[in-house]
Amino acid sequence: MMALMRLFPLVLLLACIHGAPLLLGKFSYPHAAFSALYPRAGNSGYDLLLTSFGALTSDVSTVADVGNLLGDVTKIKPVSFSHALKWPNEISGVPIRALNSRYVAIPDGFLVPTKTDGSIQLYNLDAPHPTLSTISSGSGSWFYHRVLWVDMNKDGTLDALTCRANKPVIGAARGELVWFTNPPGHSVATPWHENIIAAGPDIFFTVTTFKVGTRSYEAIVVAEFFNPKVSVYWTENARQDWSDKASVRSLVVDSTAGKPFDVLVADINGDHKLDILVTTNSDHNGTVVVYEVPTDFRSGHYTRHLLADGYAVHSLGLNKGGPGSPYLLPGTTSTGRKPSIFIAGDDSAVVSLLVPTSPTDPHSWVYTRNDFLTTGTSTVGGLSFADVDGDGHVELFAPSYDEGHVYVYRL
């Protein structure tokens, strides 16, 4: 398994896809792994953020104002700003209000020997002479894959929420759900205070809000890979303050579907109720499944539905699997339409578009799968998309690791 995923502003996407995505071209970026789009100051376009990694080298790069470069995609040249990280994973733009500047967050490390002692790095794009700053703390060799920004202690400041994992060559894997407190003044000069929520979660997760009666609960939904299960964490604290550890609760949604890889929460079947969408990673039959969230998410039965299966590895190697992360292209939910779903294939070497066969029927869970990008044996990493050139059409960026390319599509 090569971990490759997502975090993107879905509200910027079009309502639905009409026809197949149009390939605009591809540009060179060796060992392309994760991509993200970060709005520029004043909403004047987007910067494309990219990471790559390998046994000997790594890179983190930007493509400034990428929407102005679509006339000839082949001429796009990412500009590197760091080769210092061990294994940079899901890069993302930090919300401006978290640090009062345009920072990039880079979770780092992997289970490969010499790469296991990872970290969370920040990089200030607005600084005249930017450098990497480490905000993760704590002992032990942990690797990180995703960072989300949430006010965990309800002090009005966004904190860094993450999962981390340790996987020795011999022995059981460990994982932790943890957050780092954004300090007064937002200083990144020293590591931030560490707060462990629970043991177990390891790679990918998402944050959502579930409503029970008149009360809303902030919840963390986790795709636990090494000890396979989908879980939900929440707090019974009246202020939703996660620093009150005694109030944290958890529930196992499912431990029988395979190895959960990534997770998102949305209304998948158009019934105006939230569902949990999960990809499960396998070398021969990776799947995409949905769980209907019960009326009270803290109890009751989560009904599982299979949307797609048959994702298989097409290259040799240890610990390979597919698919990778799911992404939504929202439908017009106000009229009950269901979203189409993009799937990054990971080691199954495809990008899929899953389209509902009955877009307005909430009782139908049947989707048609179209692998519109097939790379042969090249791992497909973290997708990103937005209308980067302001023409009313969304552009999709798909990293192809072994080919050393980033494909660009218009939807």
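Taking only Cα atoms and a 10 Å spring cutoff, compute GNM fluctuations for the chain and point out the largest among V222, V278, V63.
Of V222, V278, V63, the most mobile in the Gaussian network model is V63.
Given springs between every Cα pair under 10 Å in a Gaussian network model of the chain, which of T157, T190, T208 has the largest fluctuation?
Evaluated over the chain, the most mobile residue of the options is T190.
Cα gyration tensor of region 212-348, axes a ≥ b ≥ c as square roots of the eigenvalues: rounded (a/c below 1.5), prolate (a/b > b/c) or oblate?
Cα axes put region 212-348 in the oblate bin.
Work out, in µm²/s and without decimals, the Stokes-Einstein translational diffusion coefficient of region 270-315 at 25 °C, 0.890 mPa s, Rh from Kirkwood over C-alpha pairs.
206
Just to verify a number: FRET efficiency for L23 and T357, C-beta to C-beta distance, R0 = 35 Å, to 0.05?
Plugging the Cβ-Cβ distance into 1/(1 + (r/R0)^6) gives 0.90.
Ignoring ligands, DNA and RNA, what percent of the 1.4 Å accessible area of the chain is carbon and sulfur?
It is 54 percent, rounded to a whole number.
Using protein chains only and a probe of 1.4 angstrom, how many square angstrom of V79 are accessible, to the nearest 10?
The accessible area comes out at roughly 90 Å².
Going down the table (K115/K154; K229/K338; K75/K115), which pairs top 30 Å between alpha carbons?
Beyond 30 Å: K115/K154; K75/K115.
Given a 10 angstrom Cα cut-off, can you work out which residue in S348, S82, S378 is the most mobile in a GNM of the chain?
Looking only at S348, S82, S378, the biggest GNM fluctuation is shown by S82.
Enter the accessible area per residue of region 64-133 (Å², integer; probe 1.4 Å; all protein chains in place).
Averaged over the residues of region 64-133, the accessible area is 45 Å².
For every helix of n ≥ 4 consecutive DSSP H residues, a contribution of -39,500 (n - 2.57) applies; sum these over the chain, divide by its total residues, and give [θ] at 222 nm rounded to the nearest 500 deg cm²/dmol. Mind dumping the intermediate values first?
Working: 1 runs with 4 residues, N = 411.
It comes out at 0 deg cm²/dmol, rounded to the nearest 500.
Tell me, in nm to one decimal, what length is gained between V112 and D65 on full extension, where the rule is 0.36 nm per residue of separation less the Cα-Cα distance? Let's see the in-between values first.
Values: separation 47, 0.36 × 47 = 16.92 nm, distance 3.39 nm.
Full-extension gain reported as 13.5 nm.
So how much accessible area does E224 have, in Å² to the nearest 10, using a 1.4 Å probe?
About 0 Å², rounded to the nearest 10.
If you average the C-alpha positions of region 108-158 and of region 197-218 separately, how far apart do those two centres end up, in angstrom?
With region 108-158 and region 197-218 each reduced to a Cα centre, they are spaced 21 Å.
Any chance you could check the Cα centroid distance between region 377-403 and region 266-334 for me, in angstrom?
20
Compute the distance in nm between two label points, each set 7 Å from the Cα along the Cα-to-Cβ direction, one at N370 and one at E236.
About 4.9 nm separates the two model spin labels.
The values are calculated or read from the model by the stated rules, or taken from the named source; none is laboratory data. These figures come from a predicted structure and were not determined experimentally. Note that each Cβ is placed from the backbone with ideal geometry, even for glycine, and that neighbours are counted across all protein chains shown. SASA here: full protein model, heavy atoms, side chains in, ligands and nucleic acids out. Shrake-Rupley method; radii C 1.70, N 1.55, O 1.52, S 1.80 Å.
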